[in-house]
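First up is the structure itself, then whatever we jot down about it.
Values in this text are rule-based calculations from the coordinates and carry no lab data. Bear in mind that the values here come from a model prediction, so they are computed numbers and not experimental data. Methodologically, a virtual Cβ is constructed for each residue, glycine included, from the backbone with ideal geometry; neighbour enumeration extends over all protein chains shown.
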Amino acid sequence: MQKQKPMPIKMLNQKFEENFVKGRDYDPDRERAVKRKLQKQVRHEAEGATRELRKDAFFLLEVKEKERALWEKERAEKYEKALAFLQEQEHGIKSGQLGKGKKRGR
């Protein structure tokens, strides 16, 4: 068997930018950099759209609740009016003012 020399581990020299700017993409592959930038922009747009949809849903819920409360109030008023009318009629019948009323002894 022939003896082979051991392969050394590849050492990579790190790149240091003299005038480093935080947030700037230093990727040498421009297509990859542009793709990453667009993906980030899409993600931010989606978050903004989600936020807007949440606000819209909350607003619509408030409007619906107000309409429902108004409807309930009107319904209660109608019920009270009908009940008052029926009580008035019942009182009139019992007191003898309306209809046959109480039968008087013969």
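Looking at the stretch 1-100, which GluC sites (Glu not before Pro) are DSSP coil and have at most 14 other C-beta atoms within 10 Å of their C-beta? Walk me through the numbers before you get to the answer.
On the way: sites: E17, E18, E31, E45, E47, E52, E62, E65, E67, E72, E74, E77, E80, E88, E90; in loops: E17, E18.
Those satisfying the criteria are E17, E18.
To the nearest 10 degrees, how steeply does helix 30-95 sit against the main Cα axis of the chain, on a 0 to 90 scale?
The angle comes out near 10 degrees.
Please name which of W71, L12, S95 has its Cα lying farthest along the dipole of the chain towards the positive end, using unit charges on Cβ (Lys, Arg +1; Asp, Glu -1) and the Cα centre as origin.
Result: S95, furthest along the dipole toward the positive end.
Given that just one value was derived from the coordinates, which of [x] 6.1; [y] 22.9; [z] 10.0 is mean projected area of the Cα convex hull in nm²?
Read-out taken from this structure: [y].
Do any trypsin sites (Lys or Arg not before Pro) in the stretch 1-36 lie in a DSSP loop with no more than 10 other beta carbon atoms within 10 Å, and if so, which?
K3, K10, K15, K22, R24
How large is the charge dipole for the chain, taken about the Cα centre, if only the Cβ atoms of Lys, Arg (+1) and Asp, Glu (-1) carry charge, to the nearest 20 debye?
600
Could you pull out the longest piece of the chain with no exposed loop chymotrypsin sites (Phe, Trp or Tyr not before Pro) in it, calling a site exposed if DSSP puts it outside H, G, I, E, B and it has at most 10 other Cβ atoms within 10 Å?
It runs 27-106.
May I ask you to compute the full-extension gain from V63 to T50, defined as 0.36 nm times their residue separation minus their alpha-carbon distance, rounded to one decimal in nm? Please report the intermediate quantities before stating the final value.
Values: separation 13, 0.36 × 13 = 4.68 nm, distance 2.01 nm.
Extra length from V63 to T50 when fully extended: 2.7 nm.
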